[in-house]
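Worksheet for the structure shown next.
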Amino acid sequence: SDNELKMLLNNIGGLISMNSFLSTTFNRDLALMFAGDGSSSPSSESVLFQLECDTINKKKPFAATNTSENEVLFSIGTIFRIQNIGKLKDINNKVWFINLTLEDDNENEAHMQELMASTMAKISARPTVGSIADVLRNMGECQKAQKYYEIALKNIPSNDINNIARITTYIGDCKTEDHLALNKYMDALNKLEEQSPELNRIFVAQLYDKIGVVNFKLSCKF
């Protein structure tokens, strides 16, 4: 979906774990047929996942099957790192590509523990409305997360500009329509710049990155 793609765009360099068996193929044309031609955007996006796997130096949680589709099947829990994301120029810029590299099987357990520890740390022993929203957003439950973020936003003191901007940004991340997400990002940016952009350089840079991604997506729709 558009919302899932947005989460991946915001997580380049991060990890993605498969919660079911993943069927892939060596046949690019066949994969593009399943991906679609991008005509359903923005309600749903067409995405071609391009996987890079070191078959010599890493253990292989996948196997080729003897089918006419040149299928390669990856096991449950396989972890990939998101390398880069963009539009396929040979498909009229309507289909996205996501380049993934297979993580070392020996490191998978450590990565899973890292992800679990991160999730538990966000929930904490005494969960807040904001921490619950963070977990829901990371799980892809963005509609539910947005409701919690909006509750949290109402309880933030008016002079706490950093947290207001942070929660406003997260609400933007949860929006399924790009123009609504852009409005939230711009709102957060304006609040930070009114306060003192020099004190929030990293946050401001991240917001400009999000704004750039959304503007790029909007420009591709016209």
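What is the extension gain from residue 10 to residue 34, computed as 0.36 nm multiplied by their sequence separation minus the C-alpha to C-alpha distance, in nm to one decimal?
Stretched out fully, the residue 10 to residue 34 stretch lengthens by 6.2 nm.
Here are some pairs, 94/184; 6/144; 87/191; 144/217; 154/217; 6/147; which of them have Cα atoms lying more than 21 Å apart in this structure?
Values: 94/184 25 Å; 6/144 16 Å; 87/191 32 Å; 144/217 24 Å; 154/217 30 Å; 6/147 18 Å.
Pairs exceeding 21 Å: 94/184; 87/191; 144/217; 154/217.
How far apart, in nm, are two points set 7 Å out from the Cα along the Cα-to-Cβ line at residue 206 and at residue 71?
Between residue 206 and residue 71, the simple spin-label model gives 4.1 nm.
Length gain on complete extension for the stretch residue 63 to residue 180, per 0.36 nm per residue less the alpha carbon to alpha carbon distance?
Between residue 63 and residue 180, full extension yields an extra 37.9 nm.
Using the number of other C-beta atoms within 10 angstrom as an exposure proxy, rank 131, 46, 219, 23 with the fewest first.
Values: 131 16, 46 19, 219 9, 23 13.
So the ranking, lowest neighbour count to highest, is 219, 23, 131, 46.
Given a Förster distance of 25 angstrom, what is the FRET efficiency for residue 193 paired with residue 159, based on the Cβ-Cβ distance and rounded to 0.05?
Result of the calculation: an efficiency of 0.95.
FRET efficiency for residue 84 and residue 150, Cβ-Cβ distance as r, R0 = 30 Å, nearest 0.05?
Working: r = 33 Å, r/R0 = 1.09.
Working from the Cβ atoms, E equals 0.40.
Can you tell me the relative contact order of region 124-220? Whole percent, Cα pairs under 8 Å, sequence separation 6 or more.
Reported as a whole number, the value is 20 percent.
What's the exposure ranking of 203, 34, going from fewest to most Cβ atoms within 10 Å?
Neighbour counts put them in this order, fewest first: 34, 203.
Provide 214, 204, 95 in ascending order of the number of other Cβ atoms located within 10 Å of each residue's Cβ, fewest first.
Least to most surrounded, the residues fall as 204, 95, 214.
None of the figures in this text is laboratory data; all of them are computed from the coordinates on show. Note that the coordinates shown come from a computational prediction; the quantities given were computed from them, not determined experimentally. So basically every Cβ, Gly included, is an ideal-geometry build from the backbone, and we count neighbours across all protein chains shown.
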